[in-house]
1. Among (1) farther than 30 Å from I146 by Cα; (2) touching a residue at least 60 places away in the same chain (Cβ under 8 Å); (3) of a type in the set (G, A, S); (4) buried (at least 21 other Cβ atoms within 10 Å of the Cβ), which single condition is G181 missing?
2. Does K222 satisfy the criteria of being open to solvent by 10 Å² or more (accessible area, probe 1.4 Å), at positive phi and at pLDDT below 90?
3. List every residue pair whose Cβ atoms lie under 7 Å apart, where the two residues are 6 or more positions apart in sequence or sit on different chains, the first residue falls within the range 187-198 and is over 16 Å from S219 (Cα atoms), and the second residue, located anywhere, is surrounded by 18 or more Cβ atoms within 10 Å (Cβ to Cβ) and of a type in the set (D, E, K, R).
4. Select from the range 401-424 the residues that are open to solvent by 30 Å² or more (accessible area, probe 1.4 Å) and either of a type outside the set (S, T, N, Q) or on the phi > 0 side of the Ramachandran plot (or both) and list them in ascending order.
5. Yes or no: V166 crowded, with 21+ Cβ neighbours inside 10 Å, of a type in the set (A, V, I, L, M, F, W, C), over 18 Å from the mean Cα position of the chain (by Cα) and at pLDDT 85 or above?
6. When the range 16-62 is examined, which residues are found to be farther than 24 Å from I91 by Cβ and not in a helix (DSSP H, G or I)?
7. Quick check on the range 394-405. Is at least one of its residues out of contact with any Cys (no Cβ under 6 Å at 6 or more places or on another chain) and in contact (Cβ under 8 Å) with a residue 40 or more places away in the chain?
8. Restricting to the range 375-385, give me the number of residues that are open to solvent by less than 50 Å² (accessible area, probe 1.4 Å) and either farther than 15 Å from Q436 by Cα or part of a helix (DSSP H, G or I) (or both).
Amino acid sequence: MLKKFHGNKKPYLIRISCAAVVFILTMLAFFPVFKPLSYILQLNFGAAGAKLISDFSLITLAVVLINILVAYFFGRIYCSVICPFGILQDILGTIFRRKSGACKNFYYIRYTIFAVVLASMIVGATAVLRYLDPYSNYGNLVTGFINIKTASVLTFIPLVILAALVLWKNRIFCTTICPVGTALGLCSKFSSRKMYISQEICKKCGQCEKECPTGAIISDEKSLDNERCIRCMRCVAKCPGHGILFGKKKENIKFEPSRRNFITTGVVAAAAIAIFAKGKDIAKTVVESFKKRPICPPGAGSVERFAQKCTNCGLCVQHCKGKILKKPDSEYETVHIDFSEGKCEFDCKNCSDICPTGALRKMSLKEKQNCRIGLVKLDYEKCTKCGLCARICPKQALEHKAGSTPVYIAKNCIGCGACQNICPAKAIEIVSINEQSQI
């Protein structure tokens with residue numbers, strides 16, 4: 001493929017090398033043995049933005065600001081080097097041998113989607129972001145392939161949709177649908193340092209336009225749209241005259257939507273805020289529509305809060321030491337605990353450590369060990385009075401005397417599931433609670 005390039009290949013080679021390393025590292029981050037790598041996913045812009053609102057910290061603020069500043073000074077490098085979902089589109093584009101060419105700028109659709117997502121995030125609901133965030137969709141795919149034997153067909157729908165979009169217009173997801181791309185594109189649009197086509201050097205050969213995956217170049221007009229440009233450097237590598245440059249370029253920036261469209265987008269955003277202001281009530285209604293309330297991971301707070309904050313990226317599922325965290329299914333819309341296969345390990349707090357969106361609040365090990373996530377429901381008719389539950393309980397919430405049924409001390413229980421997991425008669429069940437608390 002590289003033999004076809006006649007321009008400056010070095011920037012392109014550096015870009016794809018960095019992207020390859022990032023893609024491999026982010027994939028490995030979903031394997032428990034590589035847990036330290038999971039922290040690099042905290043750099044994800046979409047998740048960091050959601051976390052900044054739900055669980056403010058200086059570190060999260062720094063991550064958001066760094067991403068914004070990089071986009072302002074260097075353009076949307078994030079989309080071509082850091083974002084694994086973006087890199088996946090490059091891979092699909094290469095497989096399909098897809099070339100884009102000039103593409104209509106769907107700015108109205110882009111800004112409307114961004115307005116709705118931003119409005120939902122402001123009121124603390126990630127329902128929309130959950131389906132559009134590139135990192136969350138990538139995580140959903142990775143966890144699906146890792147656990148392909150148990151994965152639902154629904155898990156791979158994003159991949160099918162993405163492949164269809166790539167076949168249609170290559171990186172159209174990044175330039176029109178992705179809210180992260182829109183935010184970074186605006187930063188790049190108003191930067192004083194841009195990619196541009198030299199009016200003196202360009203011969204209008206059209207090679208750059210054919211190579212651009214975002215359709216941001218119109219060679220006849222010698223124009224390059226920095227808002228949509230993802231700095232993939234394919235045009236630089238292809239240009240035979242080295243006519244595509246980067247640096248300061250004075251230009252009159254026009255905000256493309258008409259006044260009417262801009263007002264309409266504002267109305268949509270206002271309506272979205274009004275709708276998502278009722279986020280808690282909506283989440284509560286949705287959760288109550290299921291057969292039973294799910295048991296959430298430590299740090300979730302409440303079922304409703306977790307339903308609003310979790311984007312279902314699956315990172316916590318992969319790193320759960322007890323293997324009790326499960327992905328959404330037909331019964332539950334978010335990640336949830338299933339004690340049928342294990343227990344919440346007393347010395348583990350991986351899920352709250354690595355959650356990139358703040359859906360799970362960070363806790364010390366002591367706080368996690370005192371966090372009540374459920375309560376015991378004991379069926380005395382099934383109980384065989386063996387006492388195994390009392391022996392294994394890490395919080396002494398069950399007392400047992402020979403020949404008698406266990407005595408349950410609710411004030412000591414954290415709902416870790418150790419008793420349910422060991423009970424041979426299946427007489428114990430951990431049930432959901434309205435609000436997690438410290439005992």
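1. Evaluating G181 over (1) farther than 30 Å from I146 by Cα; (2) touching a residue at least 60 places away in the same chain (Cβ under 8 Å); (3) of a type in the set (G, A, S); (4) buried (at least 21 other Cβ atoms within 10 Å of the Cβ) leaves (1) as the failure.
2. Values: open to solvent by 10 Å² or more (accessible area, probe 1.4 Å): yes; at positive phi: yes; at pLDDT below 90: yes.
Spelling it out, K222 is indeed open to solvent by 10 Å² or more (accessible area, probe 1.4 Å), at positive phi and at pLDDT below 90.
3. From residues that are over 16 Å from S219 (Cα atoms), the pairs are S188/R76; S188/E227; K189/E227.
4. Matches in the range 401-424: K401, A402, G403, V407, Y408, I409, A410, K411, I422, P424.
5. It is true that V166 is crowded, with 21+ Cβ neighbours inside 10 Å, of a type in the set (A, V, I, L, M, F, W, C), over 18 Å from the mean Cα position of the chain (by Cα) and at pLDDT 85 or above.
6. Listed by number, the residues that qualify are D55, F56, S57.
7. Within the range 394-405, one or more residues are out of contact with any Cys (no Cβ under 6 Å at 6 or more places or on another chain) and in contact (Cβ under 8 Å) with a residue 40 or more places away in the chain.
8. Here the count works out to 2.
The values are calculated or read from the model by the stated rules, or taken from the named source; none is laboratory data. Bear in mind the structure is a predicted one, so any value in this text is a computation, not a measurement. Heads up, the Cβs are rebuilt from the backbone with ideal geometry, glycines too, and the neighbour counts pull from every protein chain shown. In case anyone asks, the SASA skips ligands and DNA or RNA and just uses the protein heavy atoms, side chains included. Shrake-Rupley method; radii C 1.70, N 1.55, O 1.52, S 1.80 Å.
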